[in-house]
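Enquirer: Sharing a structure with you now.
The values are calculated or read from the model by the stated rules, or taken from the named source; none is laboratory data. This is a predicted model, so every value here is computed, not measured. When we count neighbours, we look across all protein chains shown, and the Cβ atoms used for this are built from the backbone with ideal geometry, even at glycine. Areas reflect the complete protein model, heavy atoms only, side chains present, ligands, DNA and RNA absent. Shrake-Rupley method; radii C 1.70, N 1.55, O 1.52, S 1.80 Å.
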Amino acid sequence: QLQLVESGGGLVQPGGSLSLSCAASGFVLDGYHIGWFRQAPGKEREGVLCISRNNGIIRYTDSMRGRVTISRDNAKNSAYLAISSLKPEDTAVYYCAARWTFDNTCDIQNTANWHQGTHVWGQGTQVTVSS
């Protein structure tokens, strides 16, 4: 069974930092584009950034640009999202997703594309930014 499991969410004070993990099982994450998304209460799920499967190119949306870093550890079959300077409006459920396409570079602008073709989504991890 192909599975992604996010962890590392929790309650963080404004201005703080957080690192989220995304562990894959049942498949080799290295061959996939990896994306991080978030969904705030009452809002649509939006892309944050992605890292491409072959060339490691990273694409960002404007939602958290400059405050997020993505990385992958092939030995651990995992990916990570580091977030800094957290704001209350960053409160959301954060999801990781893996998608295989013929394209060498990932696209994070269209969330719907990550539900098409060969793809896997995690269940999400809650991040709450509050004092």
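Enquirer: Go through (1) of a type in the set (A, V, I, L, M); (2) assigned to a strand (DSSP E or B); (3) crowded, with 18+ Cβ neighbours inside 10 Å one by one and return the number of the condition LEU11 breaks.
Expert: (3)
Enquirer: Would you say LEU2 is over 11 Å from the mean Cα position of the chain (by Cα), farther than 15 Å from VAL93 by Cα and crowded, with 20+ Cβ neighbours inside 10 Å?
Expert: Spelling it out, it is not the case that LEU2 is over 11 Å from the mean Cα position of the chain (by Cα), farther than 15 Å from VAL93 by Cα and crowded, with 20+ Cβ neighbours inside 10 Å.
Enquirer: Also, I was wondering about something else. Checking SER85 against (1) at pLDDT below 95; (2) under 17 Å from GLY10 (Cβ atoms), which test does it fail?
Expert: The number of the failed condition is (1).
Enquirer: In the stretch 63-77, what residues are under 22 Å from GLN123 (Cα atoms), open to solvent by 30 Å² or more (accessible area, probe 1.4 Å) and free of Cβ contacts under 8 Å to residues at least 40 places away in the same chain? Before you say what the answer is, go through the steps one by one.
Expert: From the stretch 63-77, those under 22 Å from GLN123 (Cα atoms) are 63-64, 68-74, 76-77; that's our starting set.
When the remaining residues are screened for being open to solvent by 30 Å² or more (accessible area, probe 1.4 Å), the result is 63, 69, 71-74, 76-77.
Hits for the stretch 63-77 are SER63, THR69, SER71, ASP73.
Enquirer: Something else about it: For the stretch 113-131, what are the residues that are open to solvent by 70 Å² or more (accessible area, probe 1.4 Å), in contact (Cβ under 8 Å) with a residue 40 or more places away in the chain and either more than 26 Å from PRO41 (Cβ to Cβ) or not in a loop (DSSP other than H, G, I, E, B) (or both)?
Expert: The answer is GLN126, and nothing else.
Enquirer: Among the residues in the stretch 42-52, are any over 19 Å from THR125 (Cα atoms), open to solvent by 50 Å² or more (accessible area, probe 1.4 Å) and hydroxyl-bearing (Ser, Thr, Tyr)?
Expert: Looking through the stretch 42-52, none of the residues is over 19 Å from THR125 (Cα atoms), open to solvent by 50 Å² or more (accessible area, probe 1.4 Å) and hydroxyl-bearing (Ser, Thr, Tyr).
Enquirer: Now for a separate question. Which residues, taken from the stretch 78-112, are within 14 Å of the chain's Cα centre (by Cα), of a type in the set (D, E, K, R) and open to solvent by 10 Å² or more (accessible area, probe 1.4 Å)?
Expert: Matches in the stretch 78-112: ARG99, ASP107.
Enquirer: Where in the stretch 15-112 are there strands (runs of 3 or more DSSP E), lying fully within it, with 2 or more residues that are in contact with a strand residue (DSSP E or B) (Cβ under 7 Å, 6 or more places away or on another chain) and among the aliphatic types (A, V, I, L, M)?
Expert: 18-25, 46-51, 68-73, 78-83, 92-100
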